[in-house]
Each structure stands twice: as C-alpha cells, then as structure tokens.
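This report concerns only the one structure given below.
The values are calculated or read from the model by the stated rules, or taken from the named source; none is laboratory data. The shown structure was predicted, so the numbers you read here are calculated from the model rather than taken from an experiment. Glycine gets a Cβ as well: all are built from the backbone with ideal geometry, and neighbour counts include every protein chain shown.
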Amino acid sequence: MSLLTDLAAQIAGLDAAALRRTRRQLDSAQGVSVTVDGQPWLSFCSNDYLGLAAHPDLARAAREGLEKYGTGAGASHLLTGHTGAHHRLEQALATFTGQPAALLFSTGYMANLGVVSALVGRGDAVFADRLNHACLNDAALLSRAAFRRYPHGDLAALERQLERSDARRRLIAVDGVFSMDGDIAPLPELLALAERFDAWLLVDDAHGFGVLGNGQGSLAHFGLDPVRTRERVIYMGTLGKAAGVFGAFVAGAPELIETLIQKARTYVFTTALPPMIASALTASLHLIECEPARRAQLAAVIAHWREGVRGLRSGHPLDSITAIQPWIVGDAPRALAMSAALAERGLLVPAIRPPTVPAGTARLRVSLSAAHSLADVDRLCLAMHAMDGSFQ
C-alpha cells in the first residue's frame, strides 16, 4: 500500500464511522447572524461569548494601530517586534487580572506549550484532568515530564497521585472552564492541593476569561485572592474568544514571567502578534471591564436556554452555568443527524464527536453569546421541541 493510499484508507474509515471533520466557509463578519457557505444562518457555534468580534471600537483601534505600526510586527518580541501596543496591553492585562505581570503569546496552544516546557522536564511530573484541552496534553507530552491523568474532577484520585509522586517538580494542569462540558474546575480545592504538595497550578482559562468573575476569569469567580495565587498559580487566558480578537496571555509573578521570557520556546522563537491586534485587544479589554451588561445578558440567555429545553427526550444537558451548553445525544451518527435537522431550519449548531469527546458522549455543542436575544434562543428551543419525536 502506498503512503497516499494508506491516508485515503484512513479518511474512508473516518467517513464510515461518521467522524470525518469538515470545514465551512464564513462569508460575513462573526456574529449571531452569519453567512456560511453562501447561506444565512442563526449561529450557535461561536466562542464570541460577549459579541465583541465585530465591535466597531475594536475595528477602530485596529485601524489606529495599523496606521502607527504597520501590518506585521516583523520580528520576535526579543528582537524588535515588541511595540508600545504590546507593552500597554500586557500591563493592562496584568492590572485587570490582579497579577503583577503578564506576557503575550500568539495563541493559547502556544502559551501552554511554552509554559509547561519552560517549567518542567525530565524528572518532573504533570498531573492533568482527563477532560483537559488537547494543548495541555500535548504540552505535558512534549515537556518529557511524567504525565499523570486523573478522572474528570476526581480530586481524591489527584491527591493519591500527588502523594505517590517523587517528582522533583510537580505541575497540576486544568481547564478553568472545560471546553466541551462547560463545567468549571474546582479551583479552590486544586489550589489547596497545589499548596500542600508544593506544585504549580496552571489554569487554562480560555473559556472563562472575559466572562466569569466580572470578566477577570475563573479565579475571580471563586473569589481567590490574587496575592495568594501569585505564589504558585500560572493563569493563562485566551483573547480570541470572549475578547473577540486573537492571541493569549499568561499572568503571574514577575519571576514566572521573566522565566517565560527567557525559556518559553513558543515565545522566544516566533514573530510577535501584529501590533494592530494588540491595539484592538486593548480596546476589547476596556469593553470587558466597563460593560458588565454584556455578561448579564449572557447569563439571561443561558438561563432561558436551560429552561427552554426542559422536558426534551432527544438528549440531555450537562450541569453548566457557562456559555458552553452541551446537549448529549450518544453516538456520532445521531449527533450529525440532529445537527443536519437543525441546519434545515437555518440553525447552525455543531455536532461534536470522538475523539474530541469520549466515545458514547457525542453531542450538540450549543455556544451562547451576549449577542443572542431571548427570541434567538426561543427559535432554537422551538426547533429542538419540533424534532424531539424523531430523535428519542
């Protein structure tokens, strides 16, 4: 069998199992009402949780950054790519999260790879929730530290693993908000374990930053004192979801940030974000901080959805208070069929299948936004009720 024939056979296998992923083409600005593949849709599949991706203030700030700094950074941060726009954004992010310092990365994926590989290696150990995002898993594997996974949310299992570990350095890695289930990690208990076993706690708050804790994220959601967390918490937030733009940052103690500047390969050896992106993000951060009504609207939309699907038998929701509202249906073909049935009604709701989620837990992943109206949610709920009899 040739190499290409082997690849073709693998793709055919994905088709047979209803697991092949496909791309759609967005032909409009991101938002609630979008044009995808030439058709109008009401979208429930964006991570634009606060409705900022197409906000005019962000576009205006990007244009101003473009005029001052040009299109690209042109170099890494450690050469000549670190502009005033980047510096001001890092300072603003540190202040907003209550941390002494912050460092920009191109993506959350790169941030996690850089952090983990900079802090642990051979002879160390990473302890990770089994439902963590793929980038945390990849970061642990690439670091060459021992990789220990514990059942989702099982703090007793994590405690046993920590007790048995003789690693030189320990790092607990966890999603602040789990991207497929929408639940929030028990951060106070995880911090207590990190303190007891002298471990780092890396919180990937991709889906919490901007939304939870008055926008400051999942640590603030639990009221954790920034001074206490500084000793051992590494806070990573992404800027392409609730913030509506692109990029990521790590916030924490000055010694942590300086170590990352020196040792995080995904920071040192890559071109800096375009300065106009940093300019847009500074405007976004201002809106996150100064417009709490967006979070209030999102909370109302979430509550309306959960009430609207009560009594349906085609699946069941998970216990989530966040913008991520999974509807568990079981197998992959069933999830695809339900997504297609909603598409026929002009509703864009993605089917999420293994290996993204565990086998037997294929689902519709309903992503809600402050830009959704209650009427938008009613339209989705009515469609779910109308097709309920076909998918019991």
**Selection from the range 210-252 of residues that are of a type in the set (A, V, I, L, M, F, W, C) and in a helix (DSSP H, G or I)** = 219, 220, 227
**Prompt:** Given the conditions (1) among the polar types (S, T, N, Q); (2) part of a helix (DSSP H, G or I); (3) touching a helix residue (DSSP H, G or I) at 6+ places or on another chain (Cβ under 7 Å); (4) more than 30 Å from residue 358 (Cβ to Cβ), and given that residue 80 satisfies all but one, which numbered condition is not satisfied?
**Reply:** (3)
**Complete:** Pairs returned, first residue in the range 29-40 that is at positive phi, second residue that is exposed (fewer than 13 other Cβ atoms within 10 Å of the Cβ), beta-carbon separation under 9 angstrom, 6 or more apart or interchain, are 37/25; 37/27; 38/25; 38/27
**Request:** Output the residue which, of all residues in the range 180-199 that are within 23 Å of the chain's Cα centre (by Cα) and charged (D, E, K, R), is nearest to residue 320 (Cα to Cα).
**Result:** 183
**Request:** Restricting attention to the range 81-112, report how many residues are surrounded by fewer than 21 Cβ atoms within 10 Å (Cβ to Cβ) and either hydroxyl-bearing (Ser, Thr, Tyr) or outside the structural domain of residue 209 (by TED's automatic domain parsing) (or both).
**Result:** 4
**Fill in**
Per the filter on the range 65-84, residues in contact with a Gly (Cβ under 9 Å, 6 or more places away or on another chain) and free of Cβ contacts under 8 Å to residues at least 24 places away in the same chain are 80
**Complete:** Subset of the range 247-299, residues out of contact with any helix residue (DSSP H, G or I) (no Cβ under 7 Å at 6 or more places or on another chain), under 17 Å from residue 208 (Cα atoms) and charged (D, E, K, R), comes to 291, 294
**Complete:** Within the range 349-383, of all residues that are over 30 Å from residue 287 (Cβ atoms) and out of contact with any strand residue (DSSP E or B) (no Cβ under 8 Å at 6 or more places or on another chain), the one surrounded by the most Cβ atoms within 10 Å (Cβ to Cβ) is 356
**Complete:** If we ask which residues in the range 85-108 are without any contact (Cβ under 8 Å) to a residue 40 or more places away in the chain and either in contact with a helix residue (DSSP H, G or I) (Cβ under 9 Å, 6 or more places away or on another chain) or β-branched (Val, Ile, Thr) (or both), their number turns out to be 2
**Message:** Quick check on this structure: which one of 321, 277, 288, 302 is surrounded by fewer than 20 Cβ atoms within 10 Å (Cβ to Cβ) and in contact (Cβ under 8 Å) with a residue 40 or more places away in the chain?
**Reply:** 321
